[in-house]
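Notes to accompany the following structure.
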Amino acid sequence: MTTIDASPLRGAERPGPRRQEVATKIKEYILRNRLKPGDILPTEAELCEAVGASRSSIREAVKILSALDIVEVRHGHGTFVGRMSLAALVESLAFRGLLSGEKDHHVLGQVVDVRQTLEQGLAAQVIAVLDSEHRTALTALADEMENLASQGMDFLDVDRAFHVKLLEPLGNDLILQLTEAFWQVQAIVAPTLRTEQEDRLITAQRHRAIVDAVAAGNVEGLQAAIAEHYAPIRASIARVVQA
C-alpha cells in the first residue's frame, strides 16, 4: 500500500524558511552592490530577477527586513536601504523586561548595568570633547528635570535628551543609538516599578552632579556622579525583589 503524505506543504514552497532565505539574499544584494542607508532598492520585478524569487516571497522578505529597519518602505516612492536603527533590539529587550514581571526585573537591572558601564567608561572622553554649548544645554536640561520633579511630574523625555546630549559630542552614532535603545527599554519597563516621589527628586539632583563634574573636568567625579545617578532606580528594583 502506498503511503500518502497529507502535509499541505508537500511539494510546495515552505513559507517560513523561504522568506528568511530571500531576506538573506536581499541583504547580500545590498552588500554586494555597496548600497548605503537611504539608497533606493530595485523595483519588485527587478529584485525578483536579481535574487531568483517570486513576487510573494520578495514581499514577505521585505516585511521581515522592514521590521528590522534594514529596509524602509515608502509607499508611492519605493523601498530604500534603512537607517539600521536598533528598534528590533529595543522591542525584544522591552518585551523580555515586561515578561519577567514585577517580581525580579532582571532585564531592567541588566539594562541599568549596561548604561552605567557605558557612560562611566566614556567619562574621560566626554570631558575631553564636551564644549561650552553642550554644557549649557546639559545645565538647562538638569534645571528642567529638577523643576518637573519638584512638581511631582515625570521627566522621561528630558532624561533621554540629557543622556543623548552628554554623549553627543563623541560623534559616535553607534554609541548614541545604543544609549537611545537602552534608555527606551528602561523607559518602557521602569513604570512597572513602585517609584517613590523622593526617588524622582534625587534622580533629578544627580543629573546636576553630573553637569558639575563635567564642568570641573573631574573624570573620577563624573564616574562617581554617574553611579550615584543610577542608585535610585537600583533601589526601586531592590524594593521589588525584597517585597
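The values are calculated or read from the model by the stated rules, or taken from the named source; none is laboratory data. This one's a predicted model, so the numbers in the text were calculated from it and none came from an experiment. Positions of Cβ are generated from backbone atoms using ideal geometry, with glycine treated the same way; all protein chains shown enter the neighbour counts. Remember, those area values only see protein heavy atoms, side chains included, never the ligands or the DNA or RNA. Shrake-Rupley method; radii C 1.70, N 1.55, O 1.52, S 1.80 Å.
Points worth noting:
- Legend: residues VAL71, VAL219, sorted from most to least accessible area (1.4 Å probe; ligands, DNA and RNA excluded), read VAL219, VAL71.
- Modelled label positions at HIS106 and LYS27, each set 7 Å beyond Cα in the direction of Cβ, lie 2.7 nm from each other.
- A Förster radius of 30 Å combined with the Cβ-Cβ distance from LYS63 to LYS36 puts the calculated FRET efficiency at roughly 0.85.
- Approximating the spin labels as points 7 Å out from Cα along Cα→Cβ, the ARG239-to-ALA187 distance works out to 2.3 nm.
- The aspartates and glutamates whose alpha-carbon is closer than 19 Å to the alpha-carbon of LYS27, local same-chain residues fewer than 8 away aside, are ASP39, GLU44, GLU46, GLU49, GLU60, ASP69, GLU72.
- Among the protein heavy atoms, those of LYS27 account for about 80 Å² of accessible surface (1.4 Å probe, every chain in place).
- Taking all C-alpha pairs of segment 125-243, those more than 25 Å from each other amount to 21 percent.
- Label zone of ARG83 (point 7 Å out along Cα→Cβ, amide N under 19 Å): in segment 174-192 this covers 174-185.
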